[in-house]
Amino acid sequence: MSPQINKNRRRSPMSADFNTDVLIIGSGPMGATTALGLATYGVRAHMVSRSAWLADSPRAHITNQRANEVFRDLGIDDEIARFASHWDVMGDTTFATSLAGPELIRMRTWGTGDDRKGDYLRASPCGMVDIIQPLLEPILLQKAAERGANFAFNTEYLGHEQDDTGVTARMRDRLDGREYTIRAKYMVGADGARSSVAEHLDLPITGQMARAGTVYTIFDADLSKYSAHRPSILNWIVTPDASFGEIGMGLLRAVRPWTRWIAGWGFDINKGEPDLSPETIISKIRILIGDPKIDIDIVRTSLWYVNQAYATEYSKGRVLCGGDAVHRHPPSSGLGMNTCVQDGHNLAWKLAYVIKGYAGPELLQSYSAERAPVGEQIVKRANQSRMDYAPLNACFRVPEAENPVAAGIARFQNPGPDGVAARRAVQDALDLKQTEFNAQGTEMNQRYESGAVLPDANAEPEVWRRDRGLYNQATTRPGAKIPHAWIVGADGKRKSTLDVTGKGSFTVVTGLAGENWKKAVEKMHLPFLRVVVIGTSDQQDLYCEWQRIREIDEAGAVLVRPDGVVAWRQSEAVSDESDAHDMLSNALRKVLARNDFNNVEADEAPPYREQTDAPMFA
């Protein structure tokens, strides 16, 4: 049964001066995730887009574990899985002379290899999937609409003014040219890499735009006979028959296995735009496929440019930006859409808490403090991943030869000393590419530092036991997301620690010996605060997994934010309920930038309705 809107859900009071609580400019993954989160938390959101509809090209597709955890928290992970290519299909990444021609090497990628699958399974209840933006964005929009968000397409943002109480945005209906204003308490700029909102805010942007160029062609062709036996969504082509720009290889990316594809290759931007005639495009694609007889149906050809730029601040006053508006980079490492989704998840609960009166406006300062370092990191990582193809290219090239690639491939296949050296070098080059294709740590190891995180007193710097970029490190240290551990409910079914936290609420996680924390939470009567006692019949630690990774005593406590991030923890038992109450109250006041909670109504509706056997929002 599909979810229905909860018409009786309590919403924040609306002044006649405001058309909506939050105005969102842009309907991409960041904007739509923000709208979905706000609607889920009972806050009015209005999202506008200058386009007539959502994404019309595949664009981003890799969906990593942390993004899937966000979708799980928002209750749409099953819907995502319905339309996505499964984790196993993502498979190996191949390097070949053409899709039909001899393979040179393969690489186990996206955590599917025997040596990494266990790391991924231990880190999260969610695997990875591959879902293109034209399939993802309608899901986000539909679920947000079902939960009460509003949308307007063909609507252009022109500018805004803000004051002490809200934002007045100037808009234009692109169908009839009518101009009008929308009044909101806050505005979110999610309008992409050419963000007008970020420009109007004069956000500080560091880096370079359009430093390299790429041709992307979407085409239909049944290539099952070349792919079905070796599932791979990315196929790199090393060929002497064409030159392929900065990366040095052509790309065949499976959009809909194995009948819709993207062919991609680089071009020299200093020489202007390349020849995009159908004859040239089809010729290039045939080189990549390696089968001159294959039927090719061109859908669309476009150019995109490699950016390397990020904002060091994400907000000014009541306007906050996210997504590609503040981090602009190539798709290498598959970090873009995932980071956009996490921007929206981080921001939505904070806006909801401020608007509902649970938190002071200062809470919103933590958004930029937490997400800007992540944006900088992924911009640098994505561009470095492109640079890291150079050692791999060197294995298949002899620069001084008349045809460097043909000579390089011949050397690579030679049984003599030069071939031995090339094959040894390719192993090192593949090891380097682990930082792009199996970079679980880059995707999962965010550590937030902000006013919404209270570090342990006298805490020592975290010691990374393995490579931080490659491996997830589970911890309950404040600033990290709560570790995944399987626990068992009263029905005998297992669930993750991520399933009993988040969902729009703050959660105190303790053990059977932490009775004082349970009593303290119950005494506080806050609608956004709940307690989970692991060890009861509802939350059994039968595998002892939580006990192994919690890093605190059983009678200690971990305070988890609505986005699953640990805000504070107390490692040891407290003497009585009063101490637990005082410590917890103090932590919440600091995290939420409030002096007290005297005007928060105890019987107010919780921020997020729990999933039950009934429709989620019935």
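We did not get these values from a lab; they are worked out from the coordinates using the rules stated. Quick caveat, the model's predicted, so the values are computed rather than measured. Methodologically, a virtual Cβ is constructed for each residue, glycine included, from the backbone with ideal geometry; neighbour enumeration extends over all protein chains shown.
Points 7 angstrom from Cα along the Cβ direction at residue 465 and residue 542: gap in nanometres?
Spacing of the two 7 Å Cα→Cβ label points: 2.5 nm.
Please work out the Cα center distance from the stretch 321-390 to the stretch 19-33, rounded to the nearest Å.
The stretch 321-390 and the stretch 19-33 have Cα centres separated by 15 Å.
State, as an integer percentage, the relative contact order of the chain based on alpha-carbon contacts under 8 Å between residues 6 or more apart.
15 percent
Could you work out how far the C-alpha centroid of the stretch 97-115 sits from that of the stretch 479-502, in angstrom?
The two parts, judged by their Cα centres, are 35 Å apart.
Cβ under 12 Å from residue 56's Cβ, residue 56 left aside: what net charge do those residues give with Lys, Arg +1 and Asp, Glu -1?
Here the count lands on +1.
Express the C-alpha Rg of the stretch 87-179 as a ratio against the empirical globular expectation 2.2 N^0.38 Å, rounded to two decimals.
This ratio for the stretch 87-179 stands at 1.87.
Normalised by the empirical 2.2 N^0.38 Å for globular proteins, what value does the Cα Rg of the stretch 6-126 take?
1.48
Compute the length gained on full extension between residue 316 and residue 228: take 0.36 nm times their separation in residues and subtract their Cα-Cα distance, giving the result in nm to one decimal.
Extra length available between residue 316 and residue 228 comes to 26.7 nm.
Share of antiparallel DSSP beta bridges in the chain, in percent to the nearest 5?
Bridges in the chain that DSSP calls antiparallel: roughly 75 percent.
Ranked by Cβ crowding within 10 angstrom, fewest neighbours first, how are 519, 433, 225, 350 ordered?
225, 519, 433, 350
Extension gain residue 554-residue 202, at 0.36 nm per residue separation less the Cα-Cα distance, in nm?
Gain on stretching residue 554 to residue 202: 121.8 nm.
Find the centroid of the Cα atoms in the stretch 562-588 and in the stretch 197-220, then give the distance between the two in whole Å.
Using only Cα atoms, the two centres lie 43 Å from each other.
Calculate one ³J(HN,Hα) per residue across the stretch 302-309 by plugging θ = phi - 60° into the Karplus curve 6.51 cos²θ - 1.76 cosθ + 1.60, and present them in order as whole Hz with x for glycine and proline.
For the stretch 302-309, the Karplus-derived couplings read 8, 10, 9, 10, 7, 9, 9, 8 Hz, x marking Gly and Pro.
With each pseudo-label sitting 7 Å past Cα toward Cβ, what's the residue 303-residue 418 distance in nm, one decimal?
3.8 nm
Distances longer than 11 Å among the Cα atoms of the stretch 388-438: what percent of all pairs is that?
65 percent
Give 481/503; 495/590; 350/495; 350/481; 185/350 a once-over and call out the pairs whose C-alpha atoms are over 19 Å from each other.
With Cα atoms farther than 19 Å apart: 495/590; 350/495.
Going by C-beta contacts inside 10 Å, put 400, 449, 246 in order with the fewest on the left.
In order of increasing Cβ crowding within 10 Å: 400, 449, 246.
Taking a label point 7 Å from the Cα of residue 220 along the Cα→Cβ vector, which residues of the stretch 45-63 have an amide N closer than 16 Å to it?
57-58
Determine ³J(HN,Hα), in whole Hz, for all residues of the stretch 411-428 in sequence, where each value follows from phi through the Karplus function 6.51 cos²θ - 1.76 cosθ + 1.60 and θ = phi - 60°; x replaces Gly and Pro.
Each residue's phi maps through the Karplus curve to give 5, 4, 9, 7, x, x, x, 5, x, 4, 5, 5, 5, 5, 5, 5, 4, 5 Hz.
For residue 484, which sequence-distant residues (separation of 5 or more, or a different chain) have an amide H within less than 5 Å of its own amide H, given hydrogens modelled in the peptide plane?
Here nothing satisfies the definition.
Exactly which GluC sites (Glu not before Pro) in the stretch 476-580 are in a DSSP loop and have at most 10 other Cβ atoms within 10 Å?
Passing sites in the stretch 476-580 are 572.
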